[in-house]
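Undergrad: What follows is a structure written as structure tokens; I'll ask about it next.
The values are calculated or read from the model by the stated rules, or taken from the named source; none is laboratory data. Small disclaimer: the values here were computed from a predicted structure and weren't measured. We place every Cβ from the backbone using ideal geometry, glycine too, and count neighbours over all the protein chains shown.
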Amino acid sequence: MKILSGKSVFSGIAIGRISVLQQEDFSVKRIKIQDTQKEIKRVSQAKEKAVSQLGKLYEKALREVGESGAAIFEVHQMMLNDEDYLDSIRNIIQTEKVNAEYAVAATEDNFAAMFEQMDDEYMRARAADIKDISNRLIRILCGSDEENMETSEPVIVVAEDLSPSETVQMDKSKVLAFVTRKGSSNSHTAILARTMNIPALINVEYEADMNGKMAVADGKKGCLIVDPDEETIKKYRNLQAQEIKKREMLKELKGKATETKSGHKINLYANIGNPSDVAAVLANDAEGIGLFRSEFIYLEKKDYPTEEEQFQAYKTVVQNMAGKKVIIRTLDIGADKQIGYFHMDREENPAMGCRAIRVCLDRPEIFRTQLRALFRASVYGNLSIMYPMIISLEEVKKIREIVESVKQELTEEGIPFRKDMEQGIMIETPAAVMISDLLAKEVDFFSIGTNDLTQYTLAIDRQNEKLDNLYDPHHEAVLRMIRMVIENAHKEGIWAGICGELGADTDMTESLVEMGIDELSVSSSMILPVRKIIREMK
Ligand code: PEP
Ligand code: MG
């Protein structure tokens, strides 16, 4: 038995086998070879294997997300069989007398550069696909067998670090816990663990040979126990049973109002990233959705989601919530949420760079597509929109102009939409806090994003694991800002809520309610614990 300490970013207990995610660095070396035919044969075998892997992925995606989500794997199969692509690889092997891996990497660079220079946006986006198929070939040539990573039983996922796009592609029903060596408590992977209500640990110094071993992930103490003895497993099974019992007791609060003893009511909503999260929202009796991180729809795709795809996703959520409020945040990419097909420039300081509303205002065609889908979905229920990372009145004005022109377009096309849809902004920057008195005159509500507000107020990159102990949403500066935002909202008669992680911090619930917060939006698993505290307040 070995106990590895780490830092808990979400509580809970998981007992199961470890699956160490292979995230090897496949940096390709150029090696001179004699037998070119042998290398060409290796490419051809790797290609066959890649095509077969993609066939399986296509079937899986077809079952799980339907034809539109699965189609990309068919496209990749076609690209792998493209004679120009294969000729280029064979040619490099023969003329330069180099290894197959190098020839694939060189072809990848050439083809990707060619696509990236094309005028047509669709063709430019194909560069990301070339990279994808080439990396798959290189992985196979390097002996990494992706199929072995597929397990039938749920596992404790152990990895160096996890990007939002990696976590989003995982089969959630197969994950018992997340354990990483790197990462910070405020990363989106940590947020995802909270949404999934599974334990998550960071800063764990695991070893690759732990793959397949039994383990306990203790999200309370913040440790991973590898090869636990019988007694330890028994102890943790008991703790698990107690947790389940506690959760069962909380279920009594379902259907009850979220109000203090004196009748002060708070709107208690849930945060989601995907239409499939609505099941947990309803199971935990949330009163609405206070933050739908719409960028996860983009992260799951290999290309820009179409208006129709987005419309279907938003409509599904709104319809399933049956009249309860659904606040959808417009695309918030950049910083840690990078998407290949957006071809964003590399930045020195991405957290302070081109992200969220800045991307949307810079590329209005992408923004307009999303707005059209949102307005079209508005007639199916109680939908509101909110805009992330606002710093100025000018941004709000520009958003309004684009929104008005989208509405005009829909009217001319005879497409129905709700004309009076509520539109709010996220307060995530000190700038927005300081002008919240002015912003409150222009929008319908404020939702405070304490994750970013803490980052920008304290000048601490929320992704920087070394500064994790200084990242403090309870800092007096952050709390004063929250108070100021609430006061300025109320002066103009609009409501203010919190959708950052602080809203789910049960040590803070009483203070936030006392400050006058109108709404809290938390991960589904935290709805009932927060309701319990509010109902116990005077
Ligand atoms: C926040 O910043 O608090 C927030 C809710 O947005 P995200 O965590 O997605 O950046
Ligand atoms: Mg944010």
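Undergrad: Within the stretch 87-102, take every residue that is closer than 18 Å to Ala113 by Cβ and touching a residue at least 40 places away in the same chain (Cβ under 8 Å) and give me the one that is surrounded by the most Cβ atoms within 10 Å (Cβ to Cβ).
TA: So, considering only residues that are closer than 18 Å to Ala113 by Cβ and touching a residue at least 40 places away in the same chain (Cβ under 8 Å), the one surrounded by the most Cβ atoms within 10 Å (Cβ to Cβ) is Ile89.
Undergrad: Please go through the stretch 11-69 and pick out each residue that is aromatic (Phe, Trp, Tyr) and modelled with pLDDT of 80 or more.
TA: Scanning the stretch 11-69 gives a single hit, Tyr58.
Okay, residues lined up against (1) small (Gly, Ala, Ser); (2) more than 27 Å from Tyr122 (Cα to Cα); (3) at pLDDT below 95:
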site	(1), (2), (3)
Leu268	no, yes, no
Ser276	yes, yes, yes
Ala286	yes, yes, no
Phe311	no, no, no
Asp336	no, no, yes
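Undergrad: Which count do you get for residues in the stretch 30-55 that are surrounded by fewer than 16 Cβ atoms within 10 Å (Cβ to Cβ) and either of a type in the set (A, V, I, L, M) or in contact (Cβ under 8 Å) with a residue 60 or more places away in the chain (or both)? Before you say what the answer is, go through the steps one by one.
TA: Taking the stretch 30-55 as the starting set, the residues that turn out to be surrounded by fewer than 16 Cβ atoms within 10 Å (Cβ to Cβ) are 30-35, 37-38, 41, 44-45, 48, 52, 55.
Of the ones still in play, those that are also either of a type in the set (A, V, I, L, M) or in contact (Cβ under 8 Å) with a residue 60 or more places away in the chain (or both) are 30-34.
Summing the residues that are surrounded by fewer than 16 Cβ atoms within 10 Å (Cβ to Cβ) and either of a type in the set (A, V, I, L, M) or in contact (Cβ under 8 Å) with a residue 60 or more places away in the chain (or both) in the stretch 30-55 gives 5.
Undergrad: Taking Ile435, is it within 12 Å of ligand 1 (Cβ to nearest atom) and modelled with pLDDT of 95 or more?
TA: no
Undergrad: Of all residues in the stretch 308-327, how many are within 13 Å of ligand 1 (Cβ to nearest atom) and in contact with a helix residue (DSSP H, G or I) (Cβ under 9 Å, 6 or more places away or on another chain)?
TA: 0
Undergrad: If I ask for residues that are part of a strand (DSSP E or B) and surrounded by 22 or more Cβ atoms within 10 Å (Cβ to Cβ), which ones from the stretch 404-430 would you list?
TA: The answer is Gly424, Ile425, Met426, Ile427.
Undergrad: Would you mind telling me which numbered condition in (1) on the phi < 0 side of the Ramachandran plot; (2) out of contact with any strand residue (DSSP E or B) (no Cβ under 7 Å at 6 or more places or on another chain) Ala459 fails?
TA: So the condition that Ala459 fails would be (1).
Undergrad: Could you list, in sequence order, the residues of the stretch 305-358 that are within 14 Å of ligand 2 (Cβ to nearest atom), out of contact with any Cys (no Cβ under 6 Å at 6 or more places or on another chain) and on the phi > 0 side of the Ramachandran plot?
TA: Ala335, Ala356
Undergrad: Now, a different point. Which of the residues belonging to the stretch 140-185 are modelled with pLDDT under 85, assigned to a helix (DSSP H, G or I) and closer than 29 Å to Ala105 by Cα?
TA: Glu146, Glu147, Asn148, Met149, Pro164, Ser165, Glu166, Thr167, Val168
Undergrad: Tell me the helices (runs of 4 or more DSSP H) entirely within the stretch 444-515 that contain at least 1 residues that are without any contact (Cβ under 8 Å) to a residue 24 or more places away in the chain and away from ligand 1 (no atom under 14 Å from the Cβ).
TA: Counting at least 1 such residues, we get 476-491, 509-515.
Undergrad: The conditions are (1) within 16 Å of ligand 1 (Cβ to nearest atom); (2) acidic (Asp, Glu); (3) over 18 Å from the mean Cα position of the chain (by Cα), and Glu295 fails exactly one of them. Which is it?
TA: Glu295 satisfies all of (1) within 16 Å of ligand 1 (Cβ to nearest atom); (2) acidic (Asp, Glu); (3) over 18 Å from the mean Cα position of the chain (by Cα) except (3).
Undergrad: Can you name every residue in the stretch 374-419 that is of a type in the set (S, T, N, Q) and either under 19 Å from Ile435 (Cβ atoms) or in contact with a Leu (Cβ under 8 Å, 6 or more places away or on another chain) (or both)?
TA: Matches in the stretch 374-419: Ser392 only.
Yes/no per residue for (1) buried (at least 22 other Cβ atoms within 10 Å of the Cβ); (2) within 13 Å of ligand 2 (Cβ to nearest atom):
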position: Ala432; (1), (2): yes, yes
position: Gly449; (1), (2): yes, yes
position: Asp452; (1), (2): yes, yes
position: Asn464; (1), (2): no, no
position: Leu467; (1), (2): no, no
position: Asp472; (1), (2): no, no
position: Met481; (1), (2): yes, no
position: Ala489; (1), (2): yes, no
position: Glu492; (1), (2): no, no
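Undergrad: What are the pairs, 6+ residues apart or on separate chains, where a residue within the stretch 321-334 that is over 10 Å from Ser294 (Cα atoms) and in a loop (DSSP other than H, G, I, E, B) has its Cβ under 7 Å from a residue that is away from ligand 2 (no atom under 14 Å from the Cβ) and among the aliphatic types (A, V, I, L, M)?
TA: Met321/Val278; Met321/Ile289
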